[in-house]
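Read the figures in this text as sums done on the coordinates, not as results from a lab. Quick caveat: nothing in here was measured; it's all calculated off a predicted structure. Positions of Cβ are backbone-derived with ideal geometry, glycine not excepted, and every protein chain shown enters the neighbour counts.
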Amino acid sequence: MASSPQAEDVLPLQSQPLPQTFPLPLPPLTLPPLPTSITATFPNTRPESGAEFLAYGVRIYRAALRGDWLEIERVASISPKWIRSKITKGGETVLHIAAAAKHLHLVKELVNLMDADSLTLANKLGNTALCFAAVSGVVKIAEVMVKKNKELPNIRGSQDMTPLHMAVLLGHQHMVWYLLQVTDDEQLTDQDRIGLLTSSIDTDMFDVALHILSKHRYLALLRDAKKETALHALARKPLKTAYVQLNIWKRFSLQWTIVDQGKSMESEVALHLVQNLWNEVIRQKEEDISALIGYPWRLLFVAAKLGKVEFLTTLIQSYPDLIWKVDENRYTIFHIAVKHRQEEIFKLIYEIGAIKDLIATYKDENGNNMLHLAAKLAPPHRLNCVSGATLQMQREILWFKAVKRIVRPEYIEAENNDHKTPHALFSEEHEGLRTKGEEWMKKTAESCALVATLIATMVFTAAFQLPGGVNEKGIPVFQEKACFVVFSVSNGVSLFSSTASILIFLSILTSRYAEDDFLVSLPVKLMSGLILLLISIATMIVAFTATFFITFREGIKWAPTLIALIASIPVTLFALQQYPLLVDIYQSTYNSHQSLFESSISKLFETTSTKASNNLTHLRLPASSPHDHEYAPTTTSHSTNGQTTFSSSNGSHFSYIKHPTPSQIVNPIASEHGTPL
């Protein structure tokens with residue numbers, strides 16, 4: 001942002017300095033918090049004017065920050081000009097400050113005092129008070145100003161942005177819906193509209209983007225200031241994790257069935273937006289389509305890299321030739337999926353039949369086929385999707401085997417330009433990970449074996465030192481007591497389970513640690529050993545507690561109960577600490593096979609009518625405050641004659657058309673070498 005030259009005369013205050021300016025959003029936007037300090041500077045002013053500012057300007061400024069209308073009213077009664085005067089170095093008036101500080105009552109009083117023209121006063125960056133209100137996100141403040149002067153929404157601020165654009169950049173959804181209603185659409189340029197469209201996508205306001213697109217369908221073909229289309233903005237937008245949106249009980253119940261707890265998904269509204277944008281794009285000529293989606297960067301492969309399977313299937317269903325497209329390295333979206341370990345996109349290859357045999361033959365300029373890509377170490381952010389080097393190694397082996405199943409037999413032993421087969425490349429790339437996994441397994445097994453040995457020693461000793469002793473016939477005194485039976489059984493179970501866990505951990509220590517051992521053998525042994533160790537600890541505590549019930553069978557009745565409660569703490573702590581690891585091992589070992597080797601749901605050839613029946617039927621924006629509900633339009637859908645139409649309560653309509661897909665893809669027009677974008 002531009003700033004005014006430094007003044008020669010500076011009168012610092014003893015309490016707190018005045019801020020020099022109130023920044024407004026600049027794309028790309030990272031808005032700093034509003035300043036809380038006050039620094040007064042007086043360029044080209046006489047000492048008399050500086051004294052007047054200290055007497056009135058500072059008072060009214062502080063009052064505006066506090067929302068103190070009575071103080072402002074007292075100053076206005078003495079010197080009314082300060083209501084309109086600029087009181088900051090950035091040129092803001094008291095109305096700017098009140099709007100930025102979100103003082104609704106103060107804004108109402110100030111607007112009542114000011115005429116309509118006074119509301120158009122701008123600071124040095126050209127921002128009116130409504131721009132500050134748009135940045136604050138308080139709809140009622142904007143309502144008060146616009147009611148006084150209906151031209152305010154059309155007055156542009158810094159960088160020639162409208163208040164509407166500023167609200168979009170900040171992601172204030174309800175403010176955006178309000179300003180959409182009061183901003184004159186005729187005064188917006190196409191560059192304004194495409195900027196609003198892409199910015200609303202960047203801030204997750206897909207319903208706003210749908211509304212803008214429904215009024216100007218041609219925006220799907222335009223580019224913003226970064227030369228990106230709306231589809232580019234959607235393609236590069238990372239997915240949000242759906243798992244974190246579940247409540248704690250659903251998370252617990254799904255942990256043992258979901259392959260990837262952090263599985264991400266595209267929102268339904270975003271998919272409807274993709275479909276509407278794509279419907280406009282595919283009406284163009286083939287060369288124009290390639291230019292739109294291939295410049296300034298190839299959105300197909302960026303979306304594949306990010307794992308946006310719903311985005312890609314939406315495009316492919318209407319334009320199946322996209323599966324043949326290759327990038328500068330001759331990689332298809334399936335090669336990108338293998339390289340970046342995006343299993344949801346990779347699973348689509350099972351749905352294209354024999355075509356996968358052709359796609360799997362593609363090689364890059366270094367002679368690497370798809371199996372070579374699987375042999376390379378995964379990117380760190382994808383490798384860390386599972387915890388621990390052992391499970392990471394297991395995941396990499398699963399990927400290698402999954403890709404090995406779809407490539408032709410001669411490609412399994414094919415060498416690249418460096419004369420390396422896929423398996424040799426895999427061993428070379430993963431040697432460090434294998435070594436880390438071996439070290440982690442050995443340390444874990446050693447520690448757990450030590451604990452299991454201590455438990456086995458204690459419970460073995462307890463078996464020969466029975467509580468209460470034995471009578472002259474060698475029979476336990478409390479043999480008929482229920483507590484003694486509990487002690488004996490739990491002590492025996494603890495001994496056997498701890499002994500079994502020791503043997504399992506010893507087998508881990510003596511393992512060969514070959515690559516295939518990480519696939520099933522080592523993870524299953526570790527999981528079994530940990531479960532048996534947990535059982536041995538739990539039963540040992542039960543035996544210990546039963547002893548106290550026998551000891552205090554007469555006298556203090558509450559002591560054994562208290563001891564039992566305290567004794568359950570270490571068992572609970574151990575279970576909670578090992579639970580995440582056990583879940584990870586179970587999911588990675590038993591569920592990952594289905595994730596990579598099977599296509600559970602046919603997404604690629606799913607008909608649009610089926611999708612529409614499962615998709616959004618009624619949407620409502622969340623309201624942060626009661627008065628914001630009126631700016632949150634509802635959206636409903638219905639299907640007629642093969643077309644699904646969405647209608648909004650604000651009058652906008654948008655639709656997408658169903659396209660046949662299976663028959664379109666069985667006769668590909670591309671050659672074996674693919675069609676670069």
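Whose amide H sits under 5 Å from the amide H of Lys240, counting only residues 5 or more places off or on another chain, with H placed in the peptide plane?
Residues meeting the criterion, in which the H sits 1.01 Å from N, are Met265.
Do the alpha carbons of any pairs in Lys308/Lys356; Lys140/Lys215; Lys102/Lys150 sit beyond 23 Å of each other, and which pairs?
Over 23 Å apart, Cα to Cα: Lys140/Lys215.
Eight or more residues apart or on different chains, and alpha-carbon atoms under 28 Å: count the Lys pairs in the stretch 434-592 matching that.
5
Enumerate the amide H contacts of Val326 below 5 Å, restricted to partners 5 or more residues apart or on another chain; note that Pro and chain-start residues carry no placed amide H.
Excluding prolines and chain starts, which carry no amide H, the hits are Thr675, Leu677.
How far apart, in nm, are two points set 7 Å out from the Cα along the Cα-to-Cβ line at Ile78 and at Ala567?
Computed distance between label sites Ile78 and Ala567 equals 7.9 nm.
Taking 4 °C and 1.567 mPa s as the conditions, I'd like the Stokes-Einstein D for the stretch 116-159 in µm²/s, using the Kirkwood hydrodynamic radius from alpha carbon pairs.
D, rounded to a whole number, is 126 µm²/s.
Aspartates and glutamates within cross-link reach of Lys240: Cα-Cα under 20 Å, excluding same-chain residues under 8 positions apart?
Leaving aside aspartates and glutamates fewer than 8 places away in the same chain, those within reach of Lys240 are Asp202, Asp204, Asp207, Asp260, Glu266, Glu268, Glu310, Glu343, Glu344.
I need the calculated FRET efficiency for the pair Gln577 and Asn329, taking r as the beta carbon distance and R₀ as 56 Å, to the nearest 0.05.
Calculated transfer efficiency: 0.80.
If R₀ is 45 angstrom, what is the calculated FRET efficiency for the pair Arg283 and Asn417, using the beta carbon separation as r and rounding to 0.05?
0.60
What FRET efficiency comes out for the pair Lys226/Glu428, r = Cβ-Cβ distance, R0 = 41 Å, nearest 0.05?
After rounding, the FRET efficiency stands at 0.55.
According to the Cα gyration tensor, what semi-axes, each the square root of 5 times an eigenvalue, does the equivalent ellipsoid of the stretch 267-404 have, listed from largest to smallest in whole Å?
28, 18, 13
Hey, can you rank 314-321, 406-413 by average C-beta count inside 10 Å, highest first?
My ranking of the peptides, most packed first, is 314-321, 406-413.
I'd like to compare 268-275, 526-533, 287-294, 562-569: which one has the highest average count of other Cβ atoms within 10 Å, and what's the full order after that?
268-275, 526-533, 287-294, 562-569
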